[in-house]
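One structure is given here, and the rest of the page talks about it.
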Amino acid sequence: MLKSTGHIIGSIGINRDVEGNENYRNIGFVLRKQYWNQGLMTEALREAINHGHEVASAFSAAHEIGNTKSERILKKLGFQYVKTFKYKMPGGEEDPEENLYYVLPLRDPVDK
Ligand SMILES: CC(C)(COP(=O)(O)OP(=O)(O)OC[C@H]1O[C@@H](n2cnc3c(N)ncnc32)[C@H](O)[C@@H]1OP(=O)(O)O)[C@@H](O)C(=O)NCCC(=O)NCCS
């Protein structure tokens with residue numbers, strides 16, 4: 001939500017890890033295009049990461065090859081590239097795009 005207007009301009013979703021790691025949660029994010037490049041998603045993700053230890057031992061994230069904007073944001077926030085994989089969503093296309101998969105361990109608040 002944009003504080004100045006109260007409008008919902010994007011979302012962050014916390015879901016099951018696509019690789020099946022029990023203690024990980026996948027974090028996905030999307031923002032309306034007119035609000036890109038103002039640092040808004042970086043700010044929102046930092047907040048989610050600060051509270052992440054309440055729900056998981058690590059966040060994972062994935063994006064299609066060539067999504068350099070997402071790649072930059074994830075690396076800036078400390079996510080480590082793990083591997084490239086083909087992710088087929090239930091009911092998705094037969095030959096899915098290759099995705100890059102990242103992990104960010106979440107610190108216990110005691111360590112902060
Ligand atoms: C990925 C996505 C959410 C990025 O959102 P965003 O708010 O534009 O990202 P940010 O603004 O936080 O960061 C992008 C750039 O903004 C710039 N930026 C950061 N803070 C800024 C500020 N205060 N003022 C101006 N620009 C700023 C930075 O230069 C940054 O680029 P850099 O990392 O090369 O330096 C958006 O492009 C999107 O919705 N994409 C489609 C969905 C998607 O691909 N999701 C990811 C897969 S789950």
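In table form, for the structure just shown:
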| read-out | value |
| --- | --- |
| Reach of Lys76 by Cα under 17 Å, taken over aspartates and glutamates that are not fewer than 8 positions away in the same chain | Glu43, Glu47 |
| For the chain, Kirkwood radius (reciprocal of mean inverse C-alpha pair distance, Å) | 15.0 Å |
| Mean Cβ count within 10 Å, highest first, over the residues of peptides 99-107, 31-39 | 99-107, 31-39 |
| Listed pairs Lys33/Lys83; Lys33/Lys69; Lys3/Lys33 exceeding 24 Å between Cα atoms | Lys33/Lys83 |
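Every number in this text was worked out from the coordinates using simple rules, so none of it is lab data. Just so you know, these numbers come straight off a predicted model, no measurement behind them. Positions of Cβ are generated from backbone atoms using ideal geometry, with glycine treated the same way; all protein chains shown enter the neighbour counts.
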